[in-house]
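Throughout, read-outs are computed from the coordinates displayed, never taken from laboratory work. For clarity, every value in this text was computed on a predicted model and none was experimentally measured. Cβ: placed from backbone, ideal geometry, glycine included. Neighbour counts: every protein chain shown.
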Amino acid sequence: MHTLQQNLWKMNFFSFFTNLHFIGGVLIPFFTDWGGLNFTQIMILQSWFMLWICALEIPSGAVADYIGRKYALVLACIINMAGAIVYGIIPNFLVFMLAEVLWAVSTALFSGASEAFIYDTLKDVGKPEKSKEVFARVDSFGLAGVLVGAPIGSVIAVSLSLNVPTLLIALPLAIACIIGLTFKEPKATQKTKKQYLQILKNGVEHFYKNEALKILALDMIFIASIAYFMIWFYQPMLELAGVDVVYFGLVHAAFVVSQIAIMNNYQKLENVLGSKKRLITFSAFITGGMFIIGGLTSVIPIILLVIILGGGFGLSRRPLFVSYMNKYIPSSERATVLSTISMIRRIALAVVNPVVGLMTDWSLSHTMIILGALAVSFSLLSRVKEAHLID
């Protein structure tokens, strides 16, 4: 096998081990029971993380260009290991803030280097047309890491301590680091280097001038931002319903499977509902409806349905919208505009997170009902039209 081509199968395992996070199934108990935080503090940490990601997203790409994608990925693993260890050593809010900075740096490096590394490898071996297939496979291995890690982490937390799953994340990251060192650096592709503010300016200008793009982006950002809180709400919901922590990882796995299933069946859902617009409306409506139901009951089977359907439909909308939005973005502006939309979403969440944290400390059920009502109302008032949804 061509030496460079080995990068592709190695990248599958690299993705698996960098996503083998044992903390996913016990995230809220880790923060509240071990870390001693309230929900407002948890959301402030997430805002802090997102603000750092916004600041580092483009500079991290320049770092990857400078030191090479291979070493940027290895560096990301090392910094992520440090972040996991710092997070699991001392239950202290300021220590957690430091850990979030380390985690943000590693996340930015991963996002800035991994896709470029894969695509450059494909170009060097003469198979750039395989990129869609290869990216999908790498993402699938990453999701497999999430599916495997969450249930294992729940068992570890119950058997040992709530901080141990976080500390153990360093082990699969060390394996990923070793895999990364065996990568062969593909030939660097020339990129146009622009200043951060100029990139942002170009993206915002194109975004502002295209009405259809703004409508689609607003719909995606609004519902995705509400659905995002299902990640943080489902474990408190399970606790209130009397579900033991050991089962949280299995629910987390089902949560991920539902997203995969929905993303891979858009065409069938469109056929059943009769149009693309109806699927857009239905996915937003059911997301909001599940939030409302989740705020009204603590019956375990219904709560499980709320988590799987509400989170599944809400969090699986992004790839569909990205596909539609790309039809309105010229190739020369594509990365810039998509990056701008991504930053708008992150900034919006950074602002909203503490507010939702305060509301949740006041009442989880009322917060879910309010967010659900906003999503349902938005689904009925959305300005997305069938004509906007171009395949």
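Please find, in a Gaussian network model of the chain (springs between Cα atoms separated by less than 10 Å), the residue of Ile90, Ile221, Ile169 whose mean-square fluctuation is greatest.
It is Ile90.
At a 10 Å Cβ-Cβ cut-off, how would you order Tyr71, Tyr208, fewest neighbours first?
In increasing order of surrounding Cβ atoms, one gets Tyr208, Tyr71.
Would you order Thr18, Thr287 from fewest to most other beta-carbon atoms within 10 Å of each residue's own beta-carbon?
Thr18, Thr287
Quick one: order Thr340, Thr121 by neighbouring beta-carbon count within 10 Å, fewest to most.
Thr340, Thr121
Counting only C-alpha contacts under 8 Å and six or more residues apart, can you give the relative contact order of region 231-360 as a whole percent?
After rounding, I find 28 percent.
Relative contact order of the chain, please, whole-number percent, based on alpha carbon pairs below 8 angstrom and at least 6 residues apart.
Rounded, it is 26 percent for the chain.
May I ask for the distance between the Cα centers of region 146-191 and region 228-263, given as a whole number of Å?
Region 146-191 and region 228-263 have Cα centres spaced 21 Å from each other.
Determine the alpha carbon to alpha carbon distance for each of Lys209/Lys276; Lys187/Lys327; Lys201/Lys268; Lys10/Lys214; Lys201/Lys327; Lys201/Lys385 and list only those over 32 Å.
From the list (Lys209/Lys276; Lys187/Lys327; Lys201/Lys268; Lys10/Lys214; Lys201/Lys327; Lys201/Lys385), the Cα-Cα distance tops 32 Å for Lys201/Lys268; Lys10/Lys214.
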